[in-house]
Amino acid sequence: MTEMTVQDRPTASCVALLIAAPASGQGKTTVTAALARLHARQGRRVQVFKCGPDFLDPQWLRLASGQPVHALDRWMNGEADVRARLFQAAQCNDVLLIEGVMGLFDGANSAAELAKSLGVSAVVVVDASAMAATFGAIAHGLQHYDPGLQLAGVLANRVATAHHGEMLRSGLRDPALWLGAMNQVSLDAAKPRANLLPERHLGLVAAHELHDAAERLDAAADVLAQTPLGQLAWQQWQQRWTVAFTAPADAPPVPAWLAGRRIAVARDAAFSFIYTANLECLQAMGAELAFFSPIAGERLPACDALWLPGGYPELHLQALKANAGLQLDLQAHLEQRKPVWAECGGMVALAEGLTDLDSRWHSLWGLLPAQAVMQQRLAGLGMQQLLTPWGMLRGHTFHYSKLQSEAQEVARSSRPGQAAESGKGEAVYQQGSIHASYFHAWFPSCPQAVAALLGVEMPVVDPQAWHSRALNA
């Protein structure tokens, strides 16, 4: 329900919870998706958000809730953007769920700090598969570590038996924190300890890659429905966890810098690392979006500019190389000096080729003088900022490959608040009308820079930000 505040700023009230954990790998995504699925099956409208940068968890959360999932990060988005998205969602949903990132208190912009700033209570998911009374110690510590955080309770995950669950519950100093125990959920009777949501490098296997993804979410929801949290009456949810979200000050509309322009966007299993907010930003600037699938053999749509997002090109090397028609289209696109912005996997696809983990060479599109090499260990991880001539883009990096390139390096990203340094951060390469980097940009952080990278002549804010050569010269 919307009402006026003392400051004449509207509020919207909605049930909202943060789903957090003491560390990564505890089962936050499974529990968040199960909660979303459970409420959706009961006829409620649910929207889920994800703390921090993430492309894979949101695919499962979107399937569970039936709605787009937005990232929430007080640095990458900015405080006003976070509040605007939650206020808008609270007006048209029954339940808002926010999945945390890493451990509850980890990071400069932790899930706990976000919850405190919004007045949202936290459900803490704990992998209790190898513990008993220590579960109570963890719960006690989380409850008292920061008195400003409202703890809704703790949920034991991957519990072996009912007796094991009772041991965990009896170890709590505060019995009111007990939200129940979830048994290990598996669809494969031969592998009862297998993770319901399988993983690979970079994170979870994408939901669209599994034919039984919806069945997996239903199985998790069925288990959750047997816990005290899952059986809690809706009226109790409303009484305990309703939050009033205040509208932020009105932000000026984004100018229609891309009006009349058609932007081609690669989108399939090889190019799936796409923030919904980035697409919305392009549309807010007036762009017409034309999606296509390189691995399905589709050609490049008629367009003024191309965005190649990140993803898993290393898993679809044969299909990418086999799309000879697209390679010809891309070559013609570049010969016409039409812009390309390629991020991470999109940049790798443009390279001459990739060496896989078995040291085998695979040819790729060959439009960027570069060679990629897959490796077992992370090559880049964390928040990054990119100073451009048109302003500061915020984003992040997360990749397992390395790139050696003879293309001109025109800029480097850096950690938040730090100056760019040679050899640190992520390089931005320019080859003709291509700009490419491992840096994943959050477009709403600087729409004018995005418009410039996609070929619009924009006023230069800082001519020294990177190489002064004109974007489309």
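The values are calculated or read from the model by the stated rules, or taken from the named source; none is laboratory data. Treat the numbers as computed from the prediction; the structure is a model and nothing was measured. Cβ sites come from the backbone with ideal geometry, for glycine too, and all protein chains shown count toward neighbours. Side chains included, ligands, DNA and RNA excluded: accessible areas come from the protein's heavy atoms. Shrake-Rupley method; radii C 1.70, N 1.55, O 1.52, S 1.80 Å.
Using a 1.4 Å probe, what is the accessible area per residue for the chain, in Å²?
41 Å²
Quick one: net charge of residue 80's neighbours, Cβ under 15 Å, K/R +1, D/E -1?
My count for the surroundings of residue 80 gives +1.
In the stretch 354-409, what percent of the accessible surface is made up of carbon and sulfur (1.4 Å probe, ligands and nucleic acids excluded)? Working shown, then result.
Details: 1260 of 2630 Å².
Carbon and sulfur atoms account for 48 percent of the accessible area of the stretch 354-409.
Using a 1.4 Å probe and ignoring any ligands, DNA or RNA, find the accessible area of residue 338 and quote it in Å² to the nearest 10.
Result for residue 338: roughly 60 Å² accessible.
When the Cα atoms of the stretch 92-165 are enclosed in a convex hull and the volume is divided per residue, what value in Å³ results?
Cα-based convex hull of the stretch 92-165, divided per residue, equals 113 Å³.
Measuring from the lowest to the highest alpha carbon on each principal axis, how far does the chain reach, largest first, in angstroms?
Computed over the chain, the largest-to-smallest principal extents equal 68, 60, 40 Å.
Given Cα pairs under 8 Å that are at least 6 residues apart, what percent is the relative contact order of the chain?
So the answer I get is 12 percent.
I'd like the per residue volume of the convex hull spanned by the Cα atoms of the stretch 1-149, given in cubic angstrom. Walk me through the intermediate numbers first.
Working: hull volume 17.5 nm³, N = 149.
Considering the Cα atoms of the stretch 1-149, their hull volume per residue is 117 Å³.
Could you give the dipole magnitude of the chain about its Cα centre, charging the beta-carbon of Lys and Arg +1 and that of Asp and Glu -1, in debye to the nearest 20? The partial results should precede the final answer.
Numbers: 35 positive and 41 negative charges, 85 e Å.
Charge dipole of the chain: 400 debye, to the nearest 20.
Where does the chain land at 222 nm, in deg cm²/dmol rounded to the nearest 500, when only DSSP H runs of n ≥ 4 count, each adding -39500 (n - 2.57), divided by all residues?
That comes out to -7500 deg cm²/dmol.
I need to check one value: relative contact order of the stretch 298-411, counting alpha carbon pairs closer than 8 Å and at least 6 residues apart, in percent.
21 percent
If I ignore ligands, DNA and RNA and count only protein heavy atoms, how much of residue 291 is accessible to a 1.4 Å probe, in Å² to the nearest 10?
Estimated to the nearest 10 Å², residue 291 gives 80 Å².
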